[in-house]
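Trainee: The structure's right below; bear with me while I get my questions together.
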Amino acid sequence: MAKKTVPFQGTKEQEEKLLEMIKAHKGEKGALMPILQQAQDIYGYLPIEVQKIISDETGIPMERIYGVATFYAQFALQPKGKYRISVCLGTACYVKGSGQIYEKLQEVLQIQGGECTPDGKFSLEACRCVGACGLAPVMMVNDEVYGRLTPDDIQGIVDKYNA
Amino acid sequence: MENITIKINGMEVSAPAGSTILEAARIAGIDIPTLCFLKEINEIGACRICVVEVKGARSLVAACVYPINPGMEVFTNTPLVRESRKKTLELILSDHERKCLSCVRSENCELQKLCKDLGVEDESMYDGAKNEYELDESAPHMIRDNNKCILCRRCVAVCDKVQGIGVIGANERGFKTHISSAFEMGLADTSCVSCGQCIVACPVGAIYEKDNTKEVFDAIADPDKFVVVQTAPAVRAGLGEEFGLPVGSGVEGKMAAALRRLGFDKVFDTNFSADLTIMEEAHEFLDRVKNGGTLPLITSCSPGWIKYCEHYFPDMTDNLSSCKSPQQMFGATLKTYYAQKMGIDPKKIVSVSVMPCTAKKFEIGRDDQDAAGCPDVDISITTRELARMIKGAGLRFLDLPDEDFDDPLGEGTGAAVIFGATGGVMEAALRTAVEELTGEELKNLDFTDVRGVEGIKEASYDVAGMTVKVAIASGLGNARTLLNKVKSGEADYHFIEIMGCPGGCVNGGGQPHVPASFKNANDVRALRGKVLYDYDAANPIRKSHENPQIKKVYDEFFGEPGSHKAHEILHTTYVKREVNRIPE
């Protein structure tokens, strides 16, 4: 099983919306992509609970759904946190040491890239160039940019959002 | 169909319109090598081993899927073609765990053969980053080793398209692409039914049965154990292939001789309990017809089918015959009737079965399969594992004499031996049920309508003023089609035979590996099935109820078919399962 860090908190309303959406695609060829996209719009990500409903309702084996969900970068299996941290691993940032920044964040937050902390507060992901190469290495927390980082800066930044 | 003439390597070839280059080349006497291609199952042109040059084409084309056109000129053996195929193999090898000496598929690995045939000189040519995967050992019957997987997707296609299950597929993308289940669950957490069709589809050693041969050897070596073996009908139709005989060779006598020389205390035959199954199942059928029981009655011999029914048609488990499978009936009779008769403590008996099947390894651990208070069957091995034991013991199989099974549980009829082919159980049941219903002797024992390898067969018979409608499905995709017809009311059968594997047990997941190059041009199911029908025709006793040992076991022990005692020992129960269960 893939590591699960945040318990599923889907609501009845979300499920109703999902079922209705799947029904609208009934019998349609190639419906899996739009169903997954809209399911992600409803839930923000595609956890096993959501993929199970899609499989049960469409008859598409859950493995095929999971295969598609893990093939395309647009689909997320983990929810996004209240604070979305993305570290630039583009060329300029990378040669300036963003790899260590990324590692330090995984250590401080106790999650892997692509995951979310169990309290739903922080999610971590890697991104490519945010257009601030002059500030390399760069990371963003939601819309805020942090530049010229060293691994020692990380704990303090995380603490700021934890306060 | 109209023929098209093309040129292959400068020579004219005439092939039916719609043929692929691969098929046309075969007509011209050329085998173009393939790897991912499985006819009508996996036609994705992905592995690029079968590439050929076509005059005027921009690049090399995949012969397995490229259709021929009039006037086309194809070259199958140019330096460019040879170099391309070799490079493809070297690239596959760069992320393939090359522990060939200890690999279960050594000597019948399709990748190994291609490397040899196509002249790969350096298996480390493109060594670099390698994926490392944990083995999936969660299922009771098999292991998946992605370190050896070459991503041909033959297993995926069989599971999804043939069996209609689809619990394995490709996850992630690019270099990280790997075959697995949803959310990386182990197979045991999925609705995998243990049929093993993925194993026989795999060209390499990435999927294989859990080997239990050591346990069997250990039991034989233990002087305190009384080790008894039974062999399923289909094993005798496949085992010879492991020793170089052509597909479609019957080796019943040599198999019995080999088992005896391996040191089993008694060499018995599942054919005996196949006859017993017919007695119980025909009785159950007639009882349901007379007393308004649940119909259609569906056979329960195939544990892959049973698990499929429990997962995918849980509302139809009442339709399943309550009869244990022949494997389990054998073990139950062995540890009750035979143990009592011979004065042996059933707990000292090690009950071993040789099966063409991997689901049998799952079946022996099911609930309610322990008539004597201990498992009916202790160890179930496949045809392939038996071959491994024979080779390991140094027996010169082909030089062995033809021997008989031991008495009394070694006696089987022609009706029993055809259990291993799709339609065989139905035919065997009809031979007994019709005589029972009419009270007259059948003149023609050959119910040819229910024979053959088609996925779904139907027939109806007028018997004693009643029209008996029967149907047969093999392969679980076909089973689903048939059952949906029953559920929708489109069909009203009385009796259905379902086998989990296409063609029945002869094509089971535990049978010897046959390279795709042979399977793509020959029907292995039919070739092996014919062996069983020949054994049937040659047997002087061809009706289960005329098996003298079966009469005896009822006289001495069970009383009547369907008796209370028979129910306690020979029948079982089923459970309801889910398809997409979320693991804890």
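Trainee: Would it be correct to say that B:PHE495 is of a type in the set (Phe, Trp, Tyr), within 24 Å of the chain's Cα centre (by Cα), over 21 Å from B:MET279 (Cβ atoms) and buried (at least 19 other Cβ atoms within 10 Å of the Cβ)?
Mentor: no
Trainee: When B:ALA234 is evaluated against the numbered criteria (1) part of a helix (DSSP H, G or I); (2) away from chain A (no Cβ under 14 Å); (3) over 22 Å from the mean Cα position of the chain (by Cα), which criterion, by number, is the only one it fails?
Mentor: Of the numbered conditions (1) part of a helix (DSSP H, G or I); (2) away from chain A (no Cβ under 14 Å); (3) over 22 Å from the mean Cα position of the chain (by Cα), the odd one out for B:ALA234 is (3).
Trainee: Could I ask something else about it? Determine, yes or no, whether A:VAL138 is in contact with a Gly (Cβ under 9 Å, 6 or more places away or on another chain) and not assigned by TED's automatic domain parsing to the domain that holds A:GLY44.
Mentor: Yes.
Trainee: Let me ask you something else. Would you point out which residue out of B:LEU286, B:LEU276 is assigned by TED's automatic domain parsing to the domain that holds B:ARG384 and closer than 18 Å to B:ALA416 by Cβ?
Mentor: Testing whether each residue is assigned by TED's automatic domain parsing to the domain that holds B:ARG384 and closer than 18 Å to B:ALA416 by Cβ leaves just B:LEU276.
Trainee: Of everything in segment B:548-569, what is in a helix (DSSP H, G or I) and over 20 Å from B:GLU411 (Cβ atoms)? Give them in sequence order.
Mentor: B:HIS564, B:LYS565, B:HIS567, B:GLU568
Trainee: Could you look through segment A:31-78, keep only residues that are assigned to a loop (DSSP other than H, G, I, E, B), over 12 Å from the mean Cα position of the chain (by Cα) and not aromatic (Phe, Trp, Tyr), and pick out the one that is farthest from the other protein chains (Cβ to nearest Cβ)?
Mentor: Among residues in segment A:31-78 that are assigned to a loop (DSSP other than H, G, I, E, B), over 12 Å from the mean Cα position of the chain (by Cα) and not aromatic (Phe, Trp, Tyr), the one farthest from the other protein chains (Cβ to nearest Cβ) is A:ALA31.
Results for (1) over 21 Å from B:ARG384 (Cβ atoms); (2) buried (at least 16 other Cβ atoms within 10 Å of the Cβ); (3) away from chain A (no Cβ under 12 Å), shown as yes or no for each residue.
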| position | (1), (2), (3) |
| --- | --- |
| B:MET125 | yes, no, yes |
| B:PRO140 | no, yes, yes |
| B:ARG154 | no, yes, yes |
| B:GLY164 | yes, yes, no |
| B:ASN171 | yes, yes, no |
| B:LYS176 | yes, no, no |
| B:SER180 | yes, yes, no |
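Trainee: Which ones in segment A:99-119 are crowded, with 20+ Cβ neighbours inside 10 Å and either outside any helix (DSSP H, G or I) or over 19 Å from the mean Cα position of the chain (by Cα) (or both)?
Mentor: A:ILE111, A:GLU115, A:CYS116
Trainee: Something else about it: Among the residues of segment B:37-63, what is the count of those that are in a loop (DSSP other than H, G, I, E, B), closer than 16 Å to B:LYS87 by Cα and not small (Gly, Ala, Ser)?
Mentor: Total satisfying the criteria: 5.
Trainee: Scan segment B:188-207 and tell me whether some residue there is within 14 Å of chain A (Cβ to nearest Cβ), of a type outside the set (Val, Ile, Thr), free of Cβ contacts under 8 Å to residues at least 60 places away in the same chain and in a loop (DSSP other than H, G, I, E, B).
Mentor: Taking every residue of segment B:188-207 in turn, at least one turns out to be within 14 Å of chain A (Cβ to nearest Cβ), of a type outside the set (Val, Ile, Thr), free of Cβ contacts under 8 Å to residues at least 60 places away in the same chain and in a loop (DSSP other than H, G, I, E, B).
Trainee: Going by the conditions given, is B:GLY253 assigned by TED's automatic domain parsing to the domain that holds B:ARG388 and closer than 30 Å to B:LYS113 by Cα?
Mentor: Considered against the rule, which asks whether it is assigned by TED's automatic domain parsing to the domain that holds B:ARG388 and closer than 30 Å to B:LYS113 by Cα, B:GLY253 comes out as no.
Trainee: On to the next question. Which numbered condition trips up B:CYS149, out of (1) buried (at least 22 other Cβ atoms within 10 Å of the Cβ); (2) within 19 Å of the chain's Cα centre (by Cα)?
Mentor: (2)
Trainee: With the requirement that a residue be free of Cβ contacts under 8 Å to residues at least 40 places away in the same chain and under 21 Å from the mean Cα position of the chain (by Cα), what does segment B:474-487 give you?
Mentor: Within segment B:474-487, B:ASN478, B:THR481, B:LEU482 meet the criteria.
Trainee: Given the criteria without any contact (Cβ under 8 Å) to a residue 12 or more places away in the chain and of a type in the set (S, T, N, Q), does B:SER138 qualify?
Mentor: no
Residue-wise test of (1) of a type in the set (Val, Ile, Thr); (2) buried (at least 18 other Cβ atoms within 10 Å of the Cβ); (3) closer than 28 Å to B:GLY455 by Cα.
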site: B:VAL13; (1), (2), (3): yes, yes, no
site: B:ILE27; (1), (2), (3): yes, no, yes
site: B:ASP31; (1), (2), (3): no, no, no
site: B:ILE41; (1), (2), (3): yes, yes, yes
site: B:ALA46; (1), (2), (3): no, no, yes
site: B:PRO67; (1), (2), (3): no, no, yes
site: B:PRO70; (1), (2), (3): no, no, no
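Trainee: A follow-up question, please. Can you go through A:GLY27, A:GLY90 and tell me which one is away from every other protein chain (no Cβ under 14 Å), out of contact with any Pro (no Cβ under 8 Å at 6 or more places or on another chain), surrounded by fewer than 17 Cβ atoms within 10 Å (Cβ to Cβ) and at pLDDT below 95?
Mentor: Criteria check complete, one pass: A:GLY27.
Trainee: Can you tell me which of B:PHE264, B:PHE272 is of a type in the set (Phe, Trp, Tyr) and either in contact with a Phe, Trp or Tyr (Cβ under 7 Å, 6 or more places away or on another chain) or part of a helix (DSSP H, G or I) (or both)?
Mentor: Criteria check complete, one pass: B:PHE272.
Trainee: Right, next: Can you tell which of A:PRO79, A:PRO34 is within 26 Å of B:GLY174 (Cβ to Cβ) and surrounded by fewer than 14 Cβ atoms within 10 Å (Cβ to Cβ)?
Mentor: Only one candidate qualifies: A:PRO34.
This table checks each residue for (1) closer than 27 Å to B:ALA371 by Cβ; (2) among the aliphatic types (A, V, I, L, M); (3) within 14 Å of chain A (Cβ to nearest Cβ).
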{"site": "B:SER488", "(1), (2), (3)": "no, no, no"}
{"site": "B:ALA516", "(1), (2), (3)": "no, yes, no"}
{"site": "B:ASN520", "(1), (2), (3)": "no, no, no"}
{"site": "B:TYR535", "(1), (2), (3)": "no, no, no"}
{"site": "B:LYS576", "(1), (2), (3)": "yes, no, no"}
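Trainee: Would you be able to say whether some residue in segment A:139-157 is at pLDDT 95 or above, among the polar types (S, T, N, Q) and more than 20 Å from the chain's Cα centre (by Cα)?
Mentor: Yes, segment A:139-157 has at least one match.
Trainee: Report yes if B:SER302 is in the same structural domain as B:ALA473 (by TED's automatic domain parsing), touching a residue at least 40 places away in the same chain (Cβ under 8 Å) and farther than 18 Å from B:ASN547 by Cβ, otherwise no.
Mentor: yes
Trainee: Still on this model: Hey, could you check segment B:286-338 for residues that are crowded, with 24+ Cβ neighbours inside 10 Å, assigned to a helix (DSSP H, G or I) and hydrophobic (A, V, I, L, M, F, W, C) and say which is nearest to the chain's Cα centre (by Cα)?
Mentor: Selected residue: B:TRP305.
Trainee: Can you tell me which condition B:PHE447 does not meet? The list is (1) free of Cβ contacts under 8 Å to residues at least 60 places away in the same chain; (2) crowded, with 19+ Cβ neighbours inside 10 Å; (3) at positive phi, and all the others hold.
Mentor: The one condition B:PHE447 does not meet is (3).
Trainee: Follow-up question, since we're still on this one. Any residue in segment A:76-97 that is under 17 Å from A:TYR146 (Cα atoms) sitting within a Cβ distance under 8 Å of a residue that is of a type in the set (D, E, K, R)? List the pairs, counting only those 6 or more apart or interchain.
Mentor: Qualifying pairs under 8 Å: A:TYR83/A:LYS121; A:ARG84/A:GLU125; A:ILE85/A:GLU125; A:SER86/A:GLU125; A:VAL87/A:GLU125; A:CYS88/A:ARG128; A:LEU89/A:ARG128; A:GLY90/A:ARG128.
Trainee: How many residues are within 12 Å of B:PRO203 (Cβ to Cβ) and hydroxyl-bearing (Ser, Thr, Tyr) when one looks only at segment B:515-533?
Mentor: 1
Trainee: Those residues that are without any contact (Cβ under 8 Å) to a residue 60 or more places away in the chain, closer than 25 Å to B:GLU40 by Cβ and not in a strand (DSSP E or B), I need them from segment B:65-88; list them, please.
Mentor: B:VAL65, B:TYR66, B:ARG85, B:THR88
The values are calculated or read from the model by the stated rules, or taken from the named source; none is laboratory data. This is a predicted model, so every value here is computed, not measured. Heads up, the Cβs are rebuilt from the backbone with ideal geometry, glycines too, and the neighbour counts pull from every protein chain shown.
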